[in-house]
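Q: The structure under discussion is supplied below as C-alpha coordinates; questions concerning it will follow.
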Amino acid sequence: MRKKVKTFRPTAFAFPYLTVTIVFVIVPLLLILVYAFRGADGSFTLNHFKDVFGKGYFSKIIDTVGIAAVSTVICLLIAYPVAFILASSPFNKMAIFALLFIIPMWINFMLRIFALNSLLGIIGIKEGYMAAVIGMVYDFFPYMLLPIYTVLLNMDKSYLEASKDLGANSFKTFTKITLPLSLPGVISGISMMFMPIFSSYAITDTMGGAETSVIGANIATLFDGNADNYGLGSALSFVLLLIVLVVVFLSTSLSGRSAKVKKVGKVS
Amino acid sequence: MKKSSVVSLALKWTILIIVMLAIYLPLAVIIIYSFSSAKSVGGNFGNLTLSLYSKLFEDAELLDATKNTLLIGLVSSVLATLLGTTAAIGIHYMRRKSRAIVDASSQITIVNTEIVTAMGFYSLMLFLRDTLQLPVNFSMFYLIIAHTVISTPYVILTVSPRLKQLNPNLLEASMDLGASPMRSLITVMLPQLAGAMISGFALAFTLSLDDFVITHVNSYSVGIGTISTYVYTKMKHNIPNQIRALSTIIFTVVLIVLVIYNIVKNKKAKQQSLH
(Lines give C-alpha, C1' and ligand atoms only; values in the text may rest on other atoms or scores of the structure.)
Protein backbone atom coordinates (compact mmCIF):
# COMPACT_ATOMS: atom_id res chain seq x y z
CA MET A 1 0.00 0.00 0.00
CA ARG A 2 1.13 3.51 -0.75
CA LYS A 3 2.28 5.60 2.17
CA LYS A 4 -0.16 8.34 3.00
CA VAL A 5 1.00 11.83 3.75
CA LYS A 6 -0.66 12.48 7.06
CA THR A 7 0.53 15.87 8.12
CA PHE A 8 1.24 18.12 5.18
CA ARG A 9 3.54 20.94 6.31
CA PRO A 10 5.01 22.80 3.37
CA THR A 11 6.89 25.23 5.61
CA ALA A 12 9.75 25.10 3.12
CA PHE A 13 7.64 27.41 0.94
CA ALA A 14 8.62 30.27 3.20
CA PHE A 15 12.36 29.69 2.76
CA PRO A 16 12.90 31.81 -0.38
CA TYR A 17 11.22 34.72 1.36
CA LEU A 18 13.17 34.12 4.57
CA THR A 19 16.45 34.11 2.65
CA VAL A 20 15.52 37.39 0.93
CA THR A 21 14.54 38.93 4.28
CA ILE A 22 17.79 37.91 5.95
CA VAL A 23 19.99 39.13 3.09
CA PHE A 24 18.14 42.35 2.21
CA VAL A 25 16.52 43.41 5.51
CA ILE A 26 18.36 41.94 8.51
CA VAL A 27 21.93 42.13 7.16
CA PRO A 28 21.53 45.81 6.06
CA LEU A 29 20.28 46.73 9.54
CA LEU A 30 23.26 44.97 11.08
CA LEU A 31 25.56 46.83 8.67
CA ILE A 32 24.06 50.16 9.78
CA LEU A 33 24.62 49.10 13.38
CA VAL A 34 28.26 48.16 12.73
CA TYR A 35 29.06 51.33 10.75
CA ALA A 36 27.43 53.50 13.41
CA PHE A 37 29.92 52.28 16.03
CA ARG A 38 32.95 51.88 13.78
CA GLY A 39 35.72 54.42 13.40
CA ALA A 40 37.78 55.05 10.25
CA ASP A 41 40.47 52.65 11.50
CA GLY A 42 37.93 49.91 12.14
CA SER A 43 37.87 50.18 15.92
CA PHE A 44 34.88 50.71 18.18
CA THR A 45 33.96 54.36 18.63
CA LEU A 46 31.15 56.58 19.89
CA ASN A 47 32.38 59.59 17.92
CA HIS A 48 29.60 59.38 15.36
CA PHE A 49 27.05 59.72 18.13
CA LYS A 50 29.00 62.67 19.55
CA ASP A 51 28.66 64.25 16.09
CA VAL A 52 24.92 63.56 16.06
CA PHE A 53 24.61 65.71 19.18
CA GLY A 54 27.48 68.10 18.49
CA LYS A 55 26.95 69.04 14.84
CA GLY A 56 23.38 70.21 15.18
CA TYR A 57 21.75 67.05 13.88
CA PHE A 58 19.91 66.49 17.12
CA SER A 59 18.07 69.79 16.78
CA LYS A 60 17.20 68.69 13.22
CA ILE A 61 15.60 65.57 14.69
CA ILE A 62 13.65 67.72 17.17
CA ASP A 63 12.54 69.98 14.29
CA THR A 64 11.41 66.90 12.37
CA VAL A 65 9.42 65.65 15.36
CA GLY A 66 7.88 69.14 15.48
CA ILE A 67 6.79 69.32 11.83
CA ALA A 68 5.61 65.69 11.97
CA ALA A 69 3.50 66.42 15.06
CA VAL A 70 2.02 69.65 13.65
CA SER A 71 1.15 68.04 10.29
CA THR A 72 -0.24 64.88 11.86
CA VAL A 73 -2.48 66.80 14.28
CA ILE A 74 -3.83 69.08 11.52
CA CYS A 75 -4.43 66.09 9.25
CA LEU A 76 -6.22 64.23 12.05
CA LEU A 77 -8.40 67.26 12.82
CA ILE A 78 -9.53 67.36 9.18
CA ALA A 79 -9.71 63.61 8.53
CA TYR A 80 -11.68 62.66 11.65
CA PRO A 81 -14.76 64.78 10.94
CA VAL A 82 -14.70 63.72 7.28
CA ALA A 83 -14.45 60.04 8.27
CA PHE A 84 -17.21 60.55 10.85
CA ILE A 85 -19.54 62.15 8.30
CA LEU A 86 -18.76 59.57 5.60
CA ALA A 87 -19.51 56.74 8.05
CA SER A 88 -22.83 58.26 9.14
CA SER A 89 -26.13 58.13 7.30
CA PRO A 90 -26.92 58.97 4.53
CA PHE A 91 -23.30 58.94 3.31
CA ASN A 92 -22.52 55.43 4.57
CA LYS A 93 -24.66 54.04 1.75
CA MET A 94 -22.59 55.77 -0.93
CA ALA A 95 -19.40 53.72 -1.12
CA ILE A 96 -18.29 55.42 -4.34
CA PHE A 97 -18.55 58.80 -2.60
CA ALA A 98 -16.09 57.73 0.11
CA LEU A 99 -13.84 56.32 -2.60
CA LEU A 100 -13.50 59.82 -4.08
CA PHE A 101 -11.71 60.94 -0.91
CA ILE A 102 -9.26 58.05 -1.06
CA ILE A 103 -8.51 57.96 -4.81
CA PRO A 104 -5.49 60.32 -4.56
CA MET A 105 -3.70 57.49 -2.73
CA TRP A 106 -3.23 55.80 -6.10
CA ILE A 107 -1.80 58.83 -7.89
CA ASN A 108 1.98 59.14 -7.82
CA PHE A 109 2.70 61.27 -4.75
CA MET A 110 5.36 63.40 -6.43
CA LEU A 111 2.87 64.39 -9.13
CA ARG A 112 0.34 65.28 -6.42
CA ILE A 113 2.96 67.44 -4.72
CA PHE A 114 3.69 69.10 -8.05
CA ALA A 115 -0.03 69.80 -8.54
CA LEU A 116 -0.46 71.14 -5.00
CA ASN A 117 2.65 73.28 -5.28
CA SER A 118 1.32 74.79 -8.50
CA LEU A 119 -1.99 75.63 -6.83
CA LEU A 120 -0.26 77.16 -3.80
CA GLY A 121 1.74 79.27 -6.23
CA ILE A 122 -1.47 80.53 -7.83
CA ILE A 123 -3.10 81.49 -4.52
CA GLY A 124 0.11 83.10 -3.34
CA ILE A 125 1.39 80.80 -0.60
CA LYS A 126 5.16 80.93 -0.84
CA GLU A 127 7.59 78.07 -0.20
CA GLY A 128 8.24 77.70 3.51
CA TYR A 129 7.13 76.01 6.68
CA MET A 130 3.42 76.51 6.04
CA ALA A 131 3.60 75.25 2.46
CA ALA A 132 5.52 72.16 3.65
CA VAL A 133 2.91 71.43 6.33
CA ILE A 134 0.11 71.81 3.76
CA GLY A 135 2.09 69.42 1.54
CA MET A 136 2.32 66.81 4.30
CA VAL A 137 -1.37 67.10 5.18
CA TYR A 138 -2.38 66.84 1.52
CA ASP A 139 -0.07 63.91 0.84
CA PHE A 140 -1.00 61.80 3.87
CA PHE A 141 -4.72 62.67 4.07
CA PRO A 142 -6.04 59.44 2.45
CA TYR A 143 -3.78 57.35 4.71
CA MET A 144 -5.19 59.09 7.78
CA LEU A 145 -8.78 58.98 6.54
CA LEU A 146 -8.97 55.32 5.48
CA PRO A 147 -8.29 53.57 8.84
CA ILE A 148 -10.54 55.96 10.81
CA TYR A 149 -13.32 55.63 8.24
CA THR A 150 -13.06 51.82 8.22
CA VAL A 151 -13.27 51.60 12.02
CA LEU A 152 -16.22 54.01 12.22
CA LEU A 153 -18.07 52.26 9.40
CA ASN A 154 -17.70 48.81 10.97
CA MET A 155 -18.54 50.00 14.48
CA ASP A 156 -21.40 48.19 16.19
CA LYS A 157 -24.21 50.75 15.95
CA SER A 158 -26.17 49.15 18.80
CA TYR A 159 -23.81 50.84 21.28
CA LEU A 160 -24.93 54.22 19.96
CA GLU A 161 -28.60 53.27 20.27
CA ALA A 162 -28.06 51.95 23.77
CA SER A 163 -26.33 55.18 24.77
CA LYS A 164 -29.21 57.23 23.40
CA ASP A 165 -31.82 54.98 25.01
CA LEU A 166 -30.09 55.47 28.34
CA GLY A 167 -30.47 59.21 27.94
CA ALA A 168 -27.06 60.44 26.79
CA ASN A 169 -27.07 63.37 24.38
CA SER A 170 -25.18 63.10 21.10
CA PHE A 171 -22.10 64.91 22.47
CA LYS A 172 -21.84 62.52 25.39
CA THR A 173 -22.46 59.54 23.10
CA PHE A 174 -19.58 60.74 20.92
CA THR A 175 -17.08 61.23 23.74
CA LYS A 176 -18.06 58.10 25.67
CA ILE A 177 -18.74 55.63 22.83
CA THR A 178 -17.69 56.70 19.34
CA LEU A 179 -14.34 58.29 20.16
CA PRO A 180 -12.97 55.45 22.35
CA LEU A 181 -14.16 52.81 19.88
CA SER A 182 -12.54 54.63 16.95
CA LEU A 183 -9.20 54.99 18.75
CA PRO A 184 -7.53 52.00 17.00
CA GLY A 185 -8.28 53.67 13.64
CA VAL A 186 -6.90 56.98 14.88
CA ILE A 187 -3.72 55.32 16.15
CA SER A 188 -3.20 53.45 12.90
CA GLY A 189 -3.79 56.68 10.94
CA ILE A 190 -1.26 58.54 13.08
CA SER A 191 1.34 55.81 12.72
CA MET A 192 0.86 55.82 8.93
CA MET A 193 1.77 59.50 8.90
CA PHE A 194 4.04 60.42 11.82
CA MET A 195 7.10 58.26 11.11
CA PRO A 196 6.89 58.43 7.28
CA ILE A 197 7.23 62.24 7.58
CA PHE A 198 10.80 61.71 8.82
CA SER A 199 11.60 60.41 5.33
CA SER A 200 9.47 62.92 3.41
CA TYR A 201 12.33 65.12 2.31
CA ALA A 202 10.82 65.14 -1.17
CA ILE A 203 8.11 67.43 0.23
CA THR A 204 10.31 69.75 2.32
CA ASP A 205 12.95 70.03 -0.42
CA THR A 206 10.41 71.09 -3.03
CA MET A 207 7.91 73.06 -0.92
CA GLY A 208 9.66 74.00 2.31
CA GLY A 209 12.09 76.59 1.01
CA ALA A 210 15.58 76.83 2.46
CA GLU A 211 14.70 76.87 6.15
CA THR A 212 12.40 73.84 6.39
CA SER A 213 13.74 70.31 6.22
CA VAL A 214 13.34 66.86 7.74
CA ILE A 215 16.09 64.62 9.07
CA GLY A 216 15.69 62.23 6.11
CA ALA A 217 17.30 64.83 3.86
CA ASN A 218 20.42 64.96 6.07
CA ILE A 219 20.77 61.20 6.06
CA ALA A 220 20.37 61.02 2.29
CA THR A 221 23.08 63.65 1.71
CA LEU A 222 25.43 62.12 4.29
CA PHE A 223 25.43 58.85 2.39
CA ASP A 224 25.82 60.58 -0.94
CA GLY A 225 28.95 58.75 -2.09
CA ASN A 226 31.08 60.23 0.68
CA ALA A 227 32.62 57.45 2.74
CA ASP A 228 33.77 59.84 5.50
CA ASN A 229 30.22 60.68 6.47
CA TYR A 230 29.17 57.10 6.31
CA GLY A 231 29.50 56.46 10.04
CA LEU A 232 27.60 59.61 10.92
CA GLY A 233 24.80 58.70 8.52
CA SER A 234 24.60 55.23 10.08
CA ALA A 235 24.53 56.72 13.58
CA LEU A 236 21.65 58.99 12.56
CA SER A 237 19.83 56.02 11.03
CA PHE A 238 20.39 54.17 14.29
CA VAL A 239 18.84 57.03 16.28
CA LEU A 240 15.84 56.99 13.91
CA LEU A 241 15.52 53.23 14.45
CA LEU A 242 15.30 53.85 18.19
CA ILE A 243 12.59 56.48 17.63
CA VAL A 244 10.69 54.00 15.43
CA LEU A 245 10.87 51.41 18.22
CA VAL A 246 9.54 53.91 20.78
CA VAL A 247 6.68 54.96 18.47
CA VAL A 248 5.78 51.33 17.69
CA PHE A 249 5.85 50.48 21.40
CA LEU A 250 3.66 53.47 22.26
CA SER A 251 1.11 52.78 19.53
CA THR A 252 0.82 49.05 20.28
CA SER A 253 0.40 49.66 24.01
CA LEU A 254 -2.15 52.40 23.29
CA SER A 255 -4.21 50.25 20.94
CA GLY A 256 -3.79 47.34 23.35
CA ARG A 257 -5.32 49.50 26.07
CA SER A 258 -8.21 50.57 23.85
CA ALA A 259 -8.81 46.90 22.96
CA LYS A 260 -9.05 46.22 26.70
CA VAL A 261 -11.55 49.05 27.09
CA LYS A 262 -13.58 47.41 24.33
CA LYS A 263 -13.54 44.05 26.08
CA VAL A 264 -14.49 45.52 29.44
CA GLY A 265 -17.26 47.47 27.72
CA LYS A 266 -18.63 44.26 26.26
CA VAL A 267 -18.70 42.51 29.61
CA SER A 268 -20.41 45.23 31.58
CA MET B 1 -37.51 66.22 9.06
CA LYS B 2 -36.56 68.18 12.14
CA LYS B 3 -35.02 71.58 11.63
CA SER B 4 -31.85 70.63 13.52
CA SER B 5 -31.24 67.59 11.35
CA VAL B 6 -31.59 69.69 8.20
CA VAL B 7 -28.97 72.07 9.57
CA SER B 8 -26.64 69.23 10.48
CA LEU B 9 -27.05 67.61 7.06
CA ALA B 10 -26.23 70.94 5.39
CA LEU B 11 -23.18 71.30 7.62
CA LYS B 12 -22.03 67.78 6.73
CA TRP B 13 -22.36 68.47 3.02
CA THR B 14 -20.45 71.75 3.39
CA ILE B 15 -17.51 70.09 5.15
CA LEU B 16 -17.36 67.26 2.61
CA ILE B 17 -17.52 69.63 -0.35
CA ILE B 18 -14.79 71.92 1.03
CA VAL B 19 -12.43 68.97 1.65
CA MET B 20 -13.28 67.48 -1.75
CA LEU B 21 -12.46 70.81 -3.41
CA ALA B 22 -9.16 71.00 -1.53
CA ILE B 23 -8.30 67.50 -2.77
CA TYR B 24 -9.28 67.95 -6.40
CA LEU B 25 -8.55 71.62 -7.10
CA PRO B 26 -4.78 71.07 -7.52
CA LEU B 27 -5.42 68.15 -9.88
CA ALA B 28 -8.05 70.13 -11.83
CA VAL B 29 -5.68 73.07 -12.28
CA ILE B 30 -2.99 70.80 -13.73
CA ILE B 31 -5.48 69.10 -16.06
CA ILE B 32 -6.78 72.46 -17.33
CA TYR B 33 -3.28 73.86 -17.85
CA SER B 34 -2.17 70.71 -19.67
CA PHE B 35 -4.17 72.03 -22.64
CA SER B 36 -2.63 75.47 -22.53
CA SER B 37 0.43 77.17 -23.92
CA ALA B 38 0.99 79.01 -20.62
CA LYS B 39 4.60 79.21 -19.46
CA SER B 40 3.64 78.37 -15.89
CA VAL B 41 0.57 76.93 -14.19
CA GLY B 42 -1.70 79.81 -13.19
CA GLY B 43 -0.13 82.20 -15.68
CA ASN B 44 -1.85 83.70 -18.72
CA PHE B 45 -3.72 80.74 -20.23
CA GLY B 46 -2.67 81.52 -23.80
CA ASN B 47 -4.00 79.23 -26.52
CA LEU B 48 -5.90 76.01 -26.20
CA THR B 49 -3.41 73.48 -27.55
CA LEU B 50 -2.26 69.87 -27.39
CA SER B 51 1.36 70.88 -27.84
CA LEU B 52 2.34 69.72 -24.33
CA TYR B 53 1.16 66.22 -25.23
CA SER B 54 3.31 66.09 -28.33
CA LYS B 55 6.22 67.55 -26.34
CA LEU B 56 5.71 64.76 -23.81
CA PHE B 57 6.51 62.18 -26.46
CA GLU B 58 9.64 64.06 -27.50
CA ASP B 59 11.06 64.27 -23.97
CA ALA B 60 13.40 61.27 -23.96
CA GLU B 61 14.33 61.64 -20.28
CA LEU B 62 10.70 61.71 -19.15
CA LEU B 63 9.74 58.79 -21.42
CA ASP B 64 12.68 56.87 -20.04
CA ALA B 65 11.57 57.63 -16.47
CA THR B 66 8.04 56.43 -17.30
CA LYS B 67 9.40 53.27 -18.87
CA ASN B 68 11.63 52.60 -15.85
CA THR B 69 8.74 53.21 -13.45
CA LEU B 70 6.51 50.71 -15.25
CA LEU B 71 9.27 48.13 -15.73
CA ILE B 72 10.40 48.23 -12.09
CA GLY B 73 6.77 48.26 -10.94
CA LEU B 74 5.66 45.29 -13.05
CA VAL B 75 8.67 43.03 -12.52
CA SER B 76 8.96 43.75 -8.78
CA SER B 77 5.25 43.20 -8.15
CA VAL B 78 5.24 39.89 -10.07
CA LEU B 79 8.23 38.78 -7.98
CA ALA B 80 6.64 40.08 -4.77
CA THR B 81 3.41 38.22 -5.55
CA LEU B 82 5.27 34.92 -6.08
CA LEU B 83 7.51 35.40 -3.06
CA GLY B 84 4.69 36.67 -0.84
CA THR B 85 2.23 33.92 -1.77
CA THR B 86 4.71 31.09 -1.24
CA ALA B 87 5.80 32.74 2.02
CA ALA B 88 2.17 33.04 3.19
CA ILE B 89 1.60 29.33 2.48
CA GLY B 90 4.78 28.39 4.31
CA ILE B 91 3.96 30.62 7.28
CA HIS B 92 0.42 29.22 7.41
CA TYR B 93 1.74 25.73 8.07
CA MET B 94 4.38 26.79 10.59
CA ARG B 95 4.18 26.07 14.29
CA ARG B 96 3.17 29.00 16.43
CA LYS B 97 6.62 29.99 17.62
CA SER B 98 8.36 30.07 14.26
CA ARG B 99 5.30 31.75 12.75
CA ALA B 100 5.59 34.57 15.29
CA ILE B 101 9.26 35.10 14.43
CA VAL B 102 8.66 35.19 10.67
CA ASP B 103 5.63 37.48 11.09
CA ALA B 104 7.71 39.87 13.17
CA SER B 105 10.53 39.92 10.63
CA SER B 106 8.06 40.67 7.84
CA GLN B 107 6.91 43.70 9.82
CA ILE B 108 10.39 45.27 9.88
CA THR B 109 10.20 47.11 6.56
CA ILE B 110 6.55 48.04 7.18
CA VAL B 111 7.14 49.83 10.49
CA ASN B 112 10.65 51.07 9.78
CA THR B 113 10.98 54.55 8.37
CA GLU B 114 11.73 54.48 4.64
CA ILE B 115 14.96 56.43 4.76
CA VAL B 116 16.53 53.82 7.07
CA THR B 117 15.36 50.98 4.82
CA ALA B 118 16.79 52.86 1.83
CA MET B 119 20.10 53.38 3.65
CA GLY B 120 20.10 49.67 4.45
CA PHE B 121 19.96 48.80 0.74
CA TYR B 122 22.64 51.40 0.07
CA SER B 123 24.95 50.04 2.79
CA LEU B 124 24.42 46.49 1.59
CA MET B 125 25.49 47.38 -1.93
CA LEU B 126 28.57 49.26 -0.71
CA PHE B 127 29.43 46.29 1.49
CA LEU B 128 29.06 43.78 -1.37
CA ARG B 129 30.85 45.97 -3.90
CA ASP B 130 33.63 47.62 -1.89
CA THR B 131 34.27 45.37 1.10
CA LEU B 132 33.62 41.97 -0.46
CA GLN B 133 34.82 43.19 -3.91
CA LEU B 134 31.97 41.41 -5.68
CA PRO B 135 31.27 42.45 -9.30
CA VAL B 136 27.93 44.11 -8.47
CA ASN B 137 26.70 47.70 -8.61
CA PHE B 138 23.58 49.84 -8.32
CA SER B 139 21.43 49.01 -11.30
CA MET B 140 17.89 48.58 -12.52
CA PHE B 141 18.11 45.01 -11.27
CA TYR B 142 19.04 46.18 -7.77
CA LEU B 143 16.12 48.64 -7.74
CA ILE B 144 13.81 45.79 -8.76
CA ILE B 145 15.14 43.69 -5.87
CA ALA B 146 14.68 46.59 -3.43
CA HIS B 147 11.10 47.21 -4.56
CA THR B 148 10.34 43.49 -4.35
CA VAL B 149 11.68 43.35 -0.79
CA ILE B 150 9.57 46.28 0.41
CA SER B 151 6.32 45.14 -1.22
CA THR B 152 6.45 41.40 -0.42
CA PRO B 153 5.28 41.85 3.23
CA TYR B 154 2.14 43.59 1.92
CA VAL B 155 1.41 40.62 -0.37
CA ILE B 156 1.78 38.31 2.66
CA LEU B 157 -0.65 40.54 4.59
CA THR B 158 -3.17 40.25 1.74
CA VAL B 159 -2.84 36.50 1.10
CA SER B 160 -2.60 35.24 4.71
CA PRO B 161 -6.18 36.09 5.79
CA ARG B 162 -7.55 34.29 2.70
CA LEU B 163 -5.47 31.20 3.55
CA LYS B 164 -7.02 31.11 6.99
CA GLN B 165 -10.51 31.07 5.47
CA LEU B 166 -9.79 28.10 3.18
CA ASN B 167 -11.41 24.79 3.95
CA PRO B 168 -8.51 22.46 4.87
CA ASN B 169 -10.66 19.41 4.04
CA LEU B 170 -10.49 20.21 0.32
CA LEU B 171 -6.71 19.87 0.30
CA GLU B 172 -6.89 16.68 2.37
CA ALA B 173 -9.55 15.23 0.09
CA SER B 174 -7.36 15.92 -2.92
CA MET B 175 -4.43 14.13 -1.29
CA ASP B 176 -6.62 11.27 -0.10
CA LEU B 177 -7.72 10.81 -3.69
CA GLY B 178 -4.09 10.30 -4.63
CA ALA B 179 -2.86 13.68 -5.81
CA SER B 180 0.64 14.54 -4.68
CA PRO B 181 0.90 17.38 -2.12
CA MET B 182 2.47 19.61 -4.77
CA ARG B 183 -0.29 18.90 -7.26
CA SER B 184 -3.01 19.44 -4.63
CA LEU B 185 -1.43 22.75 -3.76
CA ILE B 186 -1.39 23.93 -7.36
CA THR B 187 -4.77 22.61 -8.47
CA VAL B 188 -6.77 23.00 -5.26
CA MET B 189 -5.24 25.75 -3.17
CA LEU B 190 -3.82 28.22 -5.71
CA PRO B 191 -7.10 28.81 -7.60
CA GLN B 192 -8.76 29.73 -4.31
CA LEU B 193 -5.96 32.21 -3.60
CA ALA B 194 -6.13 33.85 -7.03
CA GLY B 195 -8.27 36.79 -5.88
CA ALA B 196 -6.02 37.59 -2.94
CA MET B 197 -2.95 37.24 -5.16
CA ILE B 198 -4.38 39.77 -7.62
CA SER B 199 -5.10 42.21 -4.77
CA GLY B 200 -1.57 41.66 -3.46
CA PHE B 201 -0.13 42.27 -6.93
CA ALA B 202 -2.13 45.49 -7.29
CA LEU B 203 -0.96 46.69 -3.88
CA ALA B 204 2.67 45.87 -4.66
CA PHE B 205 2.42 47.64 -8.02
CA THR B 206 0.97 50.81 -6.43
CA LEU B 207 3.63 50.80 -3.73
CA SER B 208 6.36 50.53 -6.32
CA LEU B 209 4.92 53.31 -8.52
CA ASP B 210 4.62 55.59 -5.51
CA ASP B 211 8.07 54.95 -4.12
CA PHE B 212 10.50 57.83 -4.02
CA VAL B 213 12.97 57.47 -1.14
CA ILE B 214 14.30 53.98 -1.86
CA THR B 215 14.65 54.64 -5.59
CA HIS B 216 16.23 58.06 -5.07
CA VAL B 217 18.87 56.90 -2.59
CA ASN B 218 19.81 53.79 -4.57
CA SER B 219 19.84 55.29 -8.05
CA TYR B 220 21.45 58.71 -7.98
CA SER B 221 24.95 57.35 -8.36
CA VAL B 222 23.98 55.59 -11.61
CA GLY B 223 21.35 58.02 -12.90
CA ILE B 224 18.36 55.73 -13.32
CA GLY B 225 15.24 57.87 -13.04
CA THR B 226 11.62 57.06 -12.31
CA ILE B 227 8.69 59.46 -12.54
CA SER B 228 9.04 60.29 -8.83
CA THR B 229 12.76 61.07 -8.96
CA TYR B 230 12.34 62.93 -12.27
CA VAL B 231 9.66 65.25 -10.88
CA TYR B 232 11.64 65.74 -7.64
CA THR B 233 14.83 66.69 -9.45
CA LYS B 234 13.07 69.01 -11.90
CA MET B 235 10.89 70.66 -9.25
CA LYS B 236 14.01 71.85 -7.49
CA HIS B 237 15.12 73.69 -10.60
CA ASN B 238 12.69 74.30 -13.42
CA ILE B 239 9.97 71.85 -14.19
CA PRO B 240 9.24 71.28 -17.89
CA ASN B 241 5.65 72.00 -18.88
CA GLN B 242 5.01 68.60 -20.44
CA ILE B 243 4.84 67.18 -16.91
CA ARG B 244 1.29 68.62 -16.86
CA ALA B 245 0.37 66.39 -19.80
CA LEU B 246 1.87 63.32 -18.10
CA SER B 247 0.03 64.15 -14.85
CA THR B 248 -3.26 64.48 -16.72
CA ILE B 249 -2.78 61.10 -18.39
CA ILE B 250 -1.93 59.43 -15.07
CA PHE B 251 -4.85 61.07 -13.19
CA THR B 252 -7.25 59.90 -15.91
CA VAL B 253 -5.91 56.35 -16.03
CA VAL B 254 -6.08 55.99 -12.22
CA LEU B 255 -9.63 57.36 -12.12
CA ILE B 256 -10.87 55.06 -14.93
CA VAL B 257 -9.17 51.95 -13.50
CA LEU B 258 -10.56 52.57 -10.01
CA VAL B 259 -14.11 53.33 -11.15
CA ILE B 260 -14.20 50.21 -13.38
CA TYR B 261 -12.69 48.10 -10.60
CA ASN B 262 -15.32 49.26 -8.11
CA ILE B 263 -18.22 48.78 -10.52
CA VAL B 264 -17.05 45.21 -11.21
CA LYS B 265 -16.58 44.60 -7.49
CA ASN B 266 -20.06 45.91 -6.63
CA LYS B 267 -21.61 43.76 -9.37
CA LYS B 268 -19.86 40.67 -8.04
CA ALA B 269 -20.97 41.46 -4.49
CA LYS B 270 -24.55 41.83 -5.72
CA GLN B 271 -24.40 38.52 -7.60
CA GLN B 272 -23.05 36.81 -4.52
CA SER B 273 -25.80 38.21 -2.35
CA LEU B 274 -28.35 36.91 -4.86
CA HIS B 275 -27.07 33.33 -4.61
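The values are calculated or read from the model by the stated rules, or taken from the named source; none is laboratory data. It should be emphasised that the depicted structure is a prediction, and the values quoted were computed from it without experimental measurement. Ideal geometry is used to build each Cβ from the backbone, glycine not excepted, and the neighbour counts take in all protein chains shown. SASA here: full protein model, heavy atoms, side chains in, ligands and nucleic acids out. Shrake-Rupley method; radii C 1.70, N 1.55, O 1.52, S 1.80 Å.
Q: What residue among B:T226, B:T113, B:T158 has the largest mean-square fluctuation in a Gaussian network model of chain B, using Cα springs under 10 Å?
A: Judging by the Gaussian network model, the answer is B:T113.
Q: Convex hull over the Cα atoms of region A:49-145, averaged projected area in nm²?
A: 8.1 nm²
Q: Can I ask one more? Which residues of region A:27-55 bury at least 50 Å² of accessible area once all protein chains are present, versus their chain alone (1.4 Å probe)?
A: Buried-area filter returns A:L31.
Q: Once you list every other residue whose beta carbon is under 15 Å from the beta carbon of A:T212, what net charge do they have if Lys and Arg are +1 and Asp and Glu are -1?
A: The answer is -2.
Q: Run the dipole for the protein assembly as shown about the Cα centre, Lys and Arg Cβ at +1, Asp and Glu Cβ at -1, nothing else charged, and hand back the magnitude in debye, nearest 20.
A: 2500 debye
Q: Expressed as a fraction of 2.2 N^0.38 Å, the rule-of-thumb size for a compact globular protein of N residues, what is the C-alpha radius of gyration of region B:60-239?
A: Working it through for region B:60-239, the quotient is 1.22.
Q: For a test of the definition: using alpha carbon positions, the gyration tensor, and the 1.5 limit on a/c, classify region A:59-214 as rounded, prolate or oblate.
A: It is prolate, given that a/c is not under 1.5 and a/b is the larger ratio.
Q: Accessible area of region A:59-214 with a 1.4 Å probe: how many percent of it is carbon plus sulfur?
A: 69 percent
Q: Let me ask something else. On a 0 to 90 degree scale, rounded to 10, what angle separates helix A:27-36 from the longest Cα axis of chain A?
A: Value to nearest ten degrees: 60.
Q: For region B:153-194, which trypsin sites (Lys or Arg not before Pro) are in a loop by DSSP, counting at most 16 other Cβ atoms within 10 Å?
A: For trypsin sites (Lys or Arg not before Pro) across region B:153-194 that sit outside H, G, I, E and B with at most 16 neighbouring Cβ atoms in 10 Å, the list is empty.
Q: Relative to the longest principal Cα axis of chain A, at what angle does helix A:179-191 sit, 0 to 90 degrees, rounded to 10?
A: The helix A:179-191 is inclined about 20 degrees to chain A.
Q: Evaluate Rg over Rh across the protein assembly as shown, taking Cα atoms for both radii and Kirkwood's formula for Rh.
A: Dividing the radius of gyration by the Kirkwood radius yields 0.98.
Q: What shape does chain A have by the C-alpha gyration tensor, where a ≥ b ≥ c are the square roots of the eigenvalues, rounded means a/c under 1.5, and otherwise prolate means a/b greater than b/c and oblate the rest?
A: It comes out oblate by the Cα gyration axes.
Q: Would you mind checking the tilt of helix A:230-267 against the longest principal axis of the Cα atoms of chain A, expressed as 0 to 90 degrees and rounded to 10?
A: For helix A:230-267, the angle is close to 20 degrees.
Q: Can I ask one more? What number, rounded to the nearest 500 deg cm²/dmol, is the helix-based mean residue ellipticity at 222 nm of chain A, given -39500 (n - 2.57) per DSSP H run of at least four residues and division by all its residues?
A: Taken over chain A, the calculation gives -22000 deg cm²/dmol.
Q: Placing +1 on the Cβ of each Lys and Arg and -1 on the Cβ of each Asp and Glu in chain A, which of A:P10, A:T45, A:L116 has its Cα farthest towards the positive end of the resulting dipole?
A: Among A:P10, A:T45, A:L116, the one farthest towards the positive end of the dipole of chain A is A:P10.
Q: Quickly estimate the mean residue ellipticity at 222 nm for chain B, helices only: each DSSP H run with n ≥ 4 gives -39500 (n - 2.57), and the total goes over all residues, rounded to 500.
A: -25500 deg cm²/dmol
Q: Right, something else. From the Cα gyration tensor of region A:168-257, with a ≥ b ≥ c the square roots of its eigenvalues, which class applies: rounded if a/c is under 1.5, or else prolate if a/b is larger than b/c, or else oblate?
A: Oblate shape, in that a/c is at least 1.5 and b/c is the bigger or equal ratio.
Q: Taking only complete DSSP H runs, can you tell me which helices of chain B stretch 27 Å or more along their own long axis by Cα positions and average at least -1.0 on the Kyte-Doolittle scale?
A: What comes out of the filter, once short or polar helices are dropped, is B:3-33, B:60-92, B:140-165, B:190-210, B:242-274.
Q: Using only the alpha-carbon atoms, what does region B:162-254 span along each of its principal axes? Please give whole angstrom values in decreasing order.
A: The Cα atoms of region B:162-254 stretch 67, 32, 18 Å along their principal axes.
Q: Could you work out, residue by residue across B:227-236, how many beta carbons of other chains sit within 10 Å of that residue's beta carbon, and then give the average as an integer?
A: Per residue, the average neighbour count from other chains is 5.
Q: State the answer as a single residue: which of A:A98, A:A79, A:N169 lies farthest towards the positive end of the charge dipole of chain A, with beta carbon charges of +1 for Lys and Arg and -1 for Asp and Glu, about the Cα centre.
A: So the residue furthest toward the plus end is A:N169.
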